[in-house]
Amino acid sequence: METNGSPIVVIKNLEKSFGKKEVLKGFNLTVNKGENVVVLGRSGEGKSVLIKCIVRLVDADAGEINVLGINMQNLKHGELDIMRAKIGFLFQSSALYDSMTVGENLEFPLRRHRKKNVKYDVNQMVKEALESVGLNGTQEMSPAELSGGMRKRIGIARTLILNPEVMLYDEPTTGLDPVTAREINHLMLDVQEKYKTSSIIISHDMNCVRMTANRVVVLIDGKCYAEGTYEDLKKSQDKYVKQFFD
């Protein structure tokens, strides 16, 4: 998918430490409209911390995070909730509520974020969200009845129901068999095309990186060490980049 170059997410000199452990040490990233950017790095390098900082599930120590032209660090609680409704977040575990049915899980963000004075056909919106991920007719199922791949799809459907402009995927294919992982990769591409989303995908699954990325950013030692297309980085002779492609 072609992108138009308009910046949607801009991160400048982001820093985050936990005690004495420095995780992000001046990380910079720009994501353009309609672009899928994969952040690639070894375990413990701070990939998940990065996207949690973007939506302020974790507060950064220093730096700047702008999403859709808004400085996220300056937002008060109510303003932050409004912005979070524009940002879809797929947790690594999918984070479904086990006490709720699939339908109730999808209704939850609608009831929390939609304006109270505007009428919505909640049932129709749930149905359309499930159709968009290929899981029609699962409204009454419980999360315990779902396979790992189905849970990922429901997690994506729950984010799409608010029609977000930005998608954040945290290790979307972790724990999935190769066939199901490939289906999730294709689904992310479908979401990009259909909803015109701009996405940050956290992954160390090289098949996911190859299939979904318009651009790849390599996170090493808390910084953006290298970036480029998958093919560009695959040809790199830098030993720290090559370790991911060998």
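The values are calculated or read from the model by the stated rules, or taken from the named source; none is laboratory data. Small disclaimer: the values here were computed from a predicted structure and weren't measured. All Cβ positions, even for glycine, are placed from backbone atoms using ideal geometry, and neighbour counts span all protein chains on display.
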### Query
Val209: β-branched (Val, Ile, Thr) and more than 26 Å from Ser147 (Cβ to Cβ), yes or no?
no
### Query
Is it the case that Asn74 is of a type in the set (S, T, N, Q) and in contact with a helix residue (DSSP H, G or I) (Cβ under 7 Å, 6 or more places away or on another chain)?
no
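So is Lys20 farther than 20 Å from Ser6 by Cα and not polar (S, T, N, Q) or not? Explain how you work it out, then say what you get.
Numbers: farther than 20 Å from Ser6 by Cα: yes; not polar (S, T, N, Q): yes.
Taking the combined requirement at face value, the residue satisfies it.
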### Task
Looking only at the stretch 64-76, decide whether some residue is touching a residue at least 60 places away in the same chain (Cβ under 8 Å) and of a type in the set (A, V, I, L, M).
yes
### Out of Leu14, Leu50, Leu57, Leu24, sole residue that is in contact (Cβ under 8 Å) with a residue 60 or more places away in the chain and in contact with a helix residue (DSSP H, G or I) (Cβ under 9 Å, 6 or more places away or on another chain)
Leu24
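If we keep just the residues of the stretch 169-189 that are among the acidic types (Asp, Glu) and under 14 Å from the mean Cα position of the chain (by Cα), which is farthest from Val49 (Cα to Cα)? Spell out how you get there, then give the answer.
Let us first name the residues in the stretch 169-189 that are among the acidic types (Asp, Glu), namely 170-171, 177, 183.
From what's left, under 14 Å from the mean Cα position of the chain (by Cα): 170-171.
Numbers: Asp170: 10, Glu171: 12 Å.
Restricting to residues being among the acidic types (Asp, Glu) and under 14 Å from the mean Cα position of the chain (by Cα), the top hit is Glu171.
I need the full set of residues from the stretch 87-105 which are farther than 19 Å from Val58 by Cβ, under 21 Å from the mean Cα position of the chain (by Cα) and at pLDDT 90 or above, in order please. First the steps, then the outcome.
Of the stretch 87-105, the ones farther than 19 Å from Val58 by Cβ are 94, 96-105.
Imposing the further condition that a residue be under 21 Å from the mean Cα position of the chain (by Cα) reduces the set to 94, 96-97, 102, 105.
Val102, Asn105, listed by residue number.
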